Amino acid sequence: MKVIVFAGETIGQSVADSLAKEGISVASASNGTAAVDMLRRERFDVALVDSLAEGVGIACCCIGKLFKIPVMLLVGEGDVDWERLRMLEPHGYICEGTSGPEMAARLWAVMRRQMEQVGNYRVRGCQA
């Protein structure tokens, strides 16, 4: 699986390190322009977007609609505006501080669900 993480440098690096330990290929983008550039050049399976990143609404819409990959939101443990986040129509949420194995499992699950919806259940290296 290949994941693009759109988050600030500190959060992005922490998430990337956790996912890399689980054998997931990760690319990080600290701003929307860099994320779109990467998405144009490379194919990703899932996007993980920090809910507090600047331009999160545009990023979710653009990534989901133009690049046709599931978007999961990375949310903080504090005050979260769930109504605003629901309006972004993410495929799921991951709380900051979630362990690497749990984060990987959630990403694999959302990817499998996406593949089932498009009728192609062959997920690289993954059997249900």
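Filtering segment 25-44 to residues that are of a type in the set (Ser, Thr, Tyr), assigned to a strand (DSSP E or B) and surrounded by 19 or more Cβ atoms within 10 Å (Cβ to Cβ) leaves only 28. Quickly run through segment 1-24 and pick out the residues that are assigned to a helix (DSSP H, G or I) and among the small types (Gly, Ala, Ser). Result: 12, 14, 16, 18, 20. Every listed requirement among (1) within 18 Å of residue 112 (Cα to Cα); (2) modelled with pLDDT of 85 or more is met by residue 42 save one, (1). Exactly one of (1) aliphatic (A, V, I, L, M); (2) without any contact (Cβ under 8 Å) to a residue 60 or more places away in the chain; (3) under 19 Å from residue 12 (Cα atoms) is unmet by residue 109. Its number? Every listed condition holds for residue 109 apart from (3).
Residues are listed down the side, and each one gets a yes or a no for (1) touching a strand residue (DSSP E or B) at 6+ places or on another chain (Cβ under 6 Å); (2) modelled with pLDDT of 80 or more; (3) within 17 Å of residue 1 (Cα to Cα); (4) among the polar types (S, T, N, Q):
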residue	(1), (2), (3), (4)
51	yes, yes, no, yes
80	no, no, no, no
104	no, yes, yes, no
109	no, yes, yes, no
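For segment 49-105, filtered to residues that are of a type in the set (Asp, Glu), free of Cβ contacts under 8 Å to residues at least 12 places away in the same chain and assigned to a loop (DSSP other than H, G, I, E, B), the residue that is surrounded by the most Cβ atoms within 10 Å (Cβ to Cβ) is 81.
The values are calculated or read from the model by the stated rules, or taken from the named source; none is laboratory data. Computed from a predicted model, the values in this text were never measured in an experiment. Glycine also receives a Cβ, built like all others from the backbone with ideal geometry; neighbour counts cover every protein chain displayed.
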